[in-house]
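**Student:** I am attaching a structure below and will ask some questions about it afterwards.
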Amino acid sequence: MFELPGLPYDYDALGKYISKDIMYLHHDKHHQAYVDKLNAALDAVPELRGTSLDDLLQNLTELPAQYKTAIRNNGGGHYNHALFWQWMSPDGGGQPTGEIAAQLNNKYGDFQSFVDEFTTKALSVFGSGWVWLQPDMEIIATANQDTPIMQGLEAPLLGLDVWEHAYYLDYKNKRDDYVKAWWNVVNWDFVASRFGE
């Protein structure tokens, strides 16, 4: 059985930028629903019990057709959100240092140019989806709860949830304000640890 991971900080820890109400709704309701629906789908396919989440998502074409969509949507939702909580921190923001900073500067010229391009990609996602920084420093977007590993790509270094449930209570329809605020809580230490792996 997959389980909802706890937050690595209090619900109100990001309060200046992402409220306690959003964090509670997003984590305890939305993420929990992905976990519950993923487990329900796997209950119907006992031979998949014990398969890692990464293996499920990297081998979607091999899943039974009638359960593929449920596993894709809810497994992706669980995978993405389990990382998303770690990509934020009350001690986050600022700029990365070390090798990740050097790679971003090499690719984009400077950190602000990277932020601008990532933000533009986030604002251009139609409907619901995610924006990702990949290990090769490319910025890509996926729809719904899709994740790069479903496409045969490497696991992302950084990801931003641009579903309305991630920001609507705080920012209404102003996704641009949400994205601007989010940069203040990005956990660059976690990004760097993933890059190091």
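**Student:** Can you say whether Gly93 is surrounded by 14 or more Cβ atoms within 10 Å (Cβ to Cβ) and at positive phi, as far as the supplied structure shows?
**Tutor:** Yes, satisfied.
**Student:** Right, here's the next one. Would you tally the residues in region 35-76 being of a type in the set (A, V, I, L, M, F, W, C), assigned to a loop (DSSP other than H, G, I, E, B) and farther than 17 Å from Met150 by Cα? Please lay out each step first, then the result.
**Tutor:** Narrowing region 35-76 to residues of a type in the set (A, V, I, L, M, F, W, C): 35, 38, 40-42, 44-45, 48, 53, 56-57, 60, 63, 65, 70-71.
From what's left, assigned to a loop (DSSP other than H, G, I, E, B): 44-45, 63.
Keeping just the survivors that are farther than 17 Å from Met150 by Cα gives 44-45.
Number of matching residues: 2.
**Student:** Let me ask something else. Which condition number in (1) out of contact with any strand residue (DSSP E or B) (no Cβ under 8 Å at 6 or more places or on another chain); (2) more than 25 Å from Lys20 (Cα to Cα) is the one that Lys121 fails?
**Tutor:** Among (1) out of contact with any strand residue (DSSP E or B) (no Cβ under 8 Å at 6 or more places or on another chain); (2) more than 25 Å from Lys20 (Cα to Cα), Lys121 violates only (1).
**Student:** Right, here's the next one. Give just the number: which of (1) outside any helix (DSSP H, G or I); (2) in contact with a His (Cβ under 8 Å, 6 or more places away or on another chain) does Asp12 not satisfy?
**Tutor:** (2)
**Student:** Right, next: Kindly evaluate Leu169 against the criterion of being free of Cβ contacts under 8 Å to residues at least 60 places away in the same chain, not basic (Lys, Arg) and not assigned by TED's automatic domain parsing to the domain that holds His30.
**Tutor:** Judged against the criteria, Leu169 is not a match.
**Student:** Could you list, in sequence order, all residues of region 138-197 that are under 28 Å from Ala70 (Cβ atoms), surrounded by 19 or more Cβ atoms within 10 Å (Cβ to Cβ) and either among the polar types (S, T, N, Q) or modelled with pLDDT under 95 (or both)?
**Tutor:** Listed by number, the residues that qualify are Thr142, Gln145, Thr147.
**Student:** Return the only residue of Leu53, Leu60 being in contact (Cβ under 8 Å) with a residue 60 or more places away in the chain, aliphatic (A, V, I, L, M) and surrounded by fewer than 18 Cβ atoms within 10 Å (Cβ to Cβ).
**Tutor:** The conditions single out Leu60.
**Student:** Find the residue count for region 67-87, including only residues that are touching a strand residue (DSSP E or B) at 6+ places or on another chain (Cβ under 7 Å) and either over 21 Å from Ala166 (Cα atoms) or aliphatic (A, V, I, L, M) (or both). Break it down into steps so the answer makes sense when it comes.
**Tutor:** Pass one, region 67-87, residues touching a strand residue (DSSP E or B) at 6+ places or on another chain (Cβ under 7 Å): 80, 83-84, 87.
Checking which are either over 21 Å from Ala166 (Cα atoms) or aliphatic (A, V, I, L, M) (or both) leaves us with 83.
Qualifying residue count, region 67-87: 1.
The values are calculated or read from the model by the stated rules, or taken from the named source; none is laboratory data. Just so you know, these numbers come straight off a predicted model, no measurement behind them. All Cβ positions, glycine included, derive from the backbone under ideal geometry; neighbour counts span all protein chains shown.
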